[in-house]
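Notes to accompany the following structure.
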Amino acid sequence: MTSESGAERIIPAATRLFAALGYDGTSTRMIADAAGLNISTVNYHAGGKRELYLAVMERAHQAERAVLEEALAAMTPDAAGVLGIVDRYVDFCAAHPEIPALWMHRWLSDAADVADLEARYVRPLLDMVVQAVRKVVADDVDVDYLAWTVVWCTHGFGQGGILDADGNRRGLGDPGALARFRTHLRRLVATAAGFSPDA
C-alpha cells in the first residue's frame, strides 16, 4: 500500500531528475527509484514520463508566475521598480535553481517532441514584464531584449557560474558570487534601460 506522502514525492523527484539530466536523459524507472516507488505506482498517480514532465513544467510555471505577479504588483514606475523586478527574479532563481535548469535543457533541444511550452508559459510571463517595464523606460529601449537579457544571464549564471581564482565554479548557491552577479546584472539593466548605472 502506498502512502499519500509517497505519491507526493513523485513530482519533486521528477523535477530534480529533469533539471539534472533533462527529459531525454530521465526514465520513468529513475523517477520511481528516486521517489521510492515502483513504476506502476508512478504511472497510476502521475501518468507516464510525458505527463510527469508536463506536470513539472506547469508547477514550475505557476511558481514563477506567482513571484513575477507579486513583483509587478509592488513595482514603482521608476528605476528602483524595474531593478526590484530583477532582484526578485534573481532571488527566485537562487531559491529554485531547478527551474532555470529545466528551461536550460529545453534551450538545448531537450524534450523537443513536447511542443508549445514556451508559447504557453514563457511568452505570457515575458509579455507581462515587458508591458510593465515599457511604461518606465525610454521609447528607444528594446524592452524585449532587455527582459531576455535578464533571463539569459541569470539562467547561464545559475548553470555555469563563474570561475574563481582557483578554478572552482561559483554560482547561485555561493553568497559572494551571487552578490557580485546581482550587482553586475543591476548595472547592466540600468545602463541598457537608460537609468543611472548606480540606480
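Would you check if A20 is surrounded by fewer than 19 Cβ atoms within 10 Å (Cβ to Cβ) and either under 16 Å from the mean Cα position of the chain (by Cα) or free of Cβ contacts under 8 Å to residues at least 40 places away in the same chain (or both)?
Values: surrounded by fewer than 19 Cβ atoms within 10 Å (Cβ to Cβ): yes; either under 16 Å from the mean Cα position of the chain (by Cα) or free of Cβ contacts under 8 Å to residues at least 40 places away in the same chain (or both): yes.
Judged against the criteria, A20 is a match.
When you go through (1) surrounded by fewer than 17 Cβ atoms within 10 Å (Cβ to Cβ); (2) more than 29 Å from G194 (Cα to Cα) one by one for H61, which number turns out not to apply?
Answer for H61: the failing condition is (1).
What is the one condition in (1) under 27 Å from T26 (Cβ atoms); (2) under 12 Å from the mean Cα position of the chain (by Cα) that D113 does not satisfy?
(2)
Only residues in the range 95-115 that are touching a residue at least 24 places away in the same chain (Cβ under 8 Å) count as the first member; pair them with residues that are of a type in the set (V, I, T), Cβ under 8 angstrom, at least 6 apart or cross-chain, and list the lot.
Between residues of the range 95-115 that are touching a residue at least 24 places away in the same chain (Cβ under 8 Å) and residues that are of a type in the set (V, I, T), the close pairs are E98/T15; P100/T154; L102/T15; L102/V56; W103/V122.
Search the range 138-167 for residues that are touching a residue at least 60 places away in the same chain (Cβ under 8 Å) and pair each with any residue that is among the acidic types (D, E) and surrounded by 12 or more Cβ atoms within 10 Å (Cβ to Cβ) when their beta-carbon atoms are under 6 Å apart and the residues are at least 6 apart or on different chains.
Qualifying pairs under 6 Å: none.
Give just the number: which of (1) among the charged types (D, E, K, R); (2) under 17 Å from V82 (Cβ atoms); (3) in a helix (DSSP H, G or I); (4) free of Cβ contacts under 8 Å to residues at least 40 places away in the same chain does R123 not satisfy?
Failing condition for R123: (2).
Can you tell me which residue among I99, I31 is aliphatic (A, V, I, L, M), touching a helix residue (DSSP H, G or I) at 6+ places or on another chain (Cβ under 9 Å), part of a helix (DSSP H, G or I) and closer than 15 Å to T154 by Cα? I'd like the intermediate steps shown before the answer.
Values: I31 fails: closer than 15 Å to T154 by Cα.
Checking each option against the conditions leaves just I99.
Every number here is computed from the coordinates shown, using simple stated rules; none is lab data. Source: prediction; values computed, not measured. Reconstructed Cβ throughout: ideal geometry from the backbone, glycine too, with neighbour counts over all protein chains shown.
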